1. Please state the relative contact order of the chain as a whole percent: Cα pairs under 8 Å, 6+ residues apart?
2. Taking 0.36 nm per residue of separation and subtracting the Cα-Cα distance, what length does fully extending residue 131 through residue 164 add?
3. May I ask for the equivalent-ellipsoid semi-axes of segment 146-194, computed as the square root of five times each C-alpha gyration tensor eigenvalue and listed largest first in whole Å?
4. With each run of n ≥ 4 DSSP H residues scored as -39500 (n - 2.57), what mean residue ellipticity at 222 nm is computed for the chain after dividing by its residue count and rounding to the nearest 500 deg cm²/dmol?
5. Per the Debye formula with a single identical scatterer at each Cα and no solvent contribution, what log10 I(q)/I(0) holds for segment 89-160 at q = 0.21, 0.29 Å⁻¹?
6. First obtain the Kirkwood hydrodynamic radius of the chain from its Cα pairs, then insert it into the Stokes-Einstein equation at 20 °C and 1.002 mPa s, and state the resulting D in µm² per second as a whole number.
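Derivation of every value follows stated rules applied to the coordinates shown; laboratory data play no part. From a predicted model like this one, the values you see are computed outputs, not experimental measurements.
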């Protein structure tokens, strides 16, 4: 299938799903910066490329549990699949801000929720740009993913956290997740009953 034909198939698919406009709303960071948190859109691919370009190796490692090069993270097919989602089975929220210097929009953080096949639960993952960490954005993305999971009548939200990722552990502790460390996997598994 050609790239143009493939894009047409995706676009036709997306036209059958309404954009969840009700999930778009502002959020004020601790430094008083106002951002917009919204579901991802198909034309966010270029913004995601710039977002990944500014992530530190540490943030990449905490998100994926191993190093993934920039070219792999920003591969067109990968990002296309992230930006063109089926809102019924997954949700990707992005926190955006218009850069006052350039006038261009930028993504500051991404929160993802994927339903597990055949289960009444979904797995979450969040990554926040390094210069925006500690501003309350991570916990806000997780809160909104939890609220979305509740609205979808899911029973549980689960996740995996690198044991050195103290910020995400604090977020999950504040939100009431139960935690279990797996010695075999060397990961912290978290679960929240809804």
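1. Answer for the chain is 16 percent.
2. 10.0 nm
3. Those come to 21, 12, 8 Å.
4. -10000 deg cm²/dmol
5. After summing over all Cα pairs, the log10 values are -0.85, -1.28.
6. The Stokes-Einstein estimate is 122 µm²/s.
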